[in-house]
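The values are calculated or read from the model by the stated rules, or taken from the named source; none is laboratory data. This is a predicted model, so every value here is computed, not measured. Counting neighbours? That spans all protein chains shown, and the Cβs are built from the backbone with ideal geometry, glycine included. Accessible surface areas use protein heavy atoms only, side chains included; no ligands, DNA or RNA. Shrake-Rupley method; radii C 1.70, N 1.55, O 1.52, S 1.80 Å.
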Amino acid sequence: KVPPSEWGEIQKVLKAEWGGPIEQHFLFIEKKAVASASIGEVYKGVLKDGKEVAIKVQRPEIQSIIQTDFRTLSIIFWFANHFAPIPKGFINLNLLIKELKQVIERELDFSQEKSNLLHFKERFKNVNTVKVPDVYSEFCTSKILVMEWMDGIRLTDEEELNQLKVNRRE
């Protein structure tokens, strides 16, 4: 439930990553985010060939924000390590921050997410109960992930879920 960035800022990311105007590849992109989280936002768009796509864009300036957060966290952990009464061997704060940093850095690289999505798609290609969206690799970068638009139902929407003809327990 993080508020979305200004469209102008998102547009700058798209143009910089694609090396040119958005209209070069898209008929249009809705300027209002369909979803917004701490690292990225999702916009609905239509490719020149008419296919609807979901465009996940990394938040502007998120890299520098996270670097600042990690510097601050490092200072806090240093103080905790030197001045807090933490029993020896209880927790290694240096290792904890190192692992946390690695996980967040992987999350910031959308090309890793693209690879995971393609791997998952291949793995479940013969399972008709699982639908994995197509990926449009030509538009993907480390800060942008473009995939097939898929309508769905939020898991929190009880009313819609109750109308499905599926065994929810399964």
Item to check | GNM flexibility winner over the chain from Gln63, Gln24, Gln11 (Cα, springs under 10 Å) | outcome: Gln24
Item to check | FRET efficiency, Phe83 to Leu118 (Cβ-Cβ, R0 45 Å, nearest 0.05) | outcome: 0.45
Item to check | Helix 93-108 vs. the chain, principal-axis angle (Cα, 0 to 90°, nearest 10) | outcome: 20
Checklist entry - Contour minus end-to-end for Gln163 and Val127, with contour as 0.36 nm per residue of separation and end-to-end as the Cα-Cα distance? => result 10.6 nm
Item to check | Virtual spin-label span in nm between Glu6 and Glu23, 7 Å along Cα→Cβ | outcome: 2.2
Item to check | Sequence-separation-based contact order of segment 1-156, relative, with Cα cut under 8 Å and 6+ spacing, percent | outcome: 21
Item to check | Kirkwood-Stokes translational diffusion coefficient of segment 49-106, alpha-carbon pairs, 10 °C, 1.306 mPa s, µm²/s | outcome: 113
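Before I look further, what does the chain give for accessible area per residue, probe 1.4 Å, in whole square angstrom?
Numbers: 12110 Å² over 170 residues.
Spelled out: the 1.4 Å probe surface of the chain, per residue, equals 71 Å².
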Next on the checklist: Using the basic label-point model (7 angstrom from Cα toward the beta carbon), what is the Phe70 to Ser38 distance in nanometres?
Outcome noted: 1.4
Checklist entry - Which angle from 0 to 90°, rounded to the nearest 10, does the C-alpha axis of helix 62-83 make with the longest principal axis of the chain? => result 20
Checklist entry - In terms of modelled amide H atoms, which long-range or inter-chain residues lie less than 5 Å from the amide H of Gly40? => result Arg59
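So what's the net charge close to Ala54: Lys and Arg +1, Asp and Glu -1, counting the other residues with Cβ under 13 Å from its Cβ? Intermediate results must be reported in sequence, preceding the final value.
Values: positive: Lys44, Lys51, Lys56, Lys114; negative: Glu30, Glu41, Glu52, Glu113, Asp134, Glu148, Asp151.
With Lys, Arg at +1 and Asp, Glu at -1, the neighbours total -3.
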Checklist outcome for this item: Most fluctuating of Thr129, Thr72, Thr156 in the GNM of the chain (C-alpha, under 10 Å) is Thr156
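Round to a whole number: what % of the accessible area of segment 65-146 belongs to carbon and sulfur, probe 1.4 Å? Provide the component values of the computation, followed by the final result.
Values: 3480 of 6080 Å².
Here it works out to 57 percent.
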Item to check | In Å², nearest 10: area of Trp78 left accessible to a 1.4 Å probe | outcome: 130
Checklist entry - With a sphere of radius 11 Å drawn around the Cβ of Ile153, what net charge do the other residues whose Cβ falls strictly inside it have (Lys, Arg +1; Asp, Glu -1)? => result -4
Checklist entry - From the Cα gyration tensor of segment 12-170, with a ≥ b ≥ c the square roots of its eigenvalues, which class applies: rounded if a/c is under 1.5, or else prolate if a/b is larger than b/c, or else oblate? => result oblate
Checklist outcome for this item: Checked against the positive end of the charge dipole of the chain (+1 on Cβ of Lys and Arg, -1 on Cβ of Asp and Glu, about the Cα centre), the farthest of His25, Ser5, Ala84 is Ala84
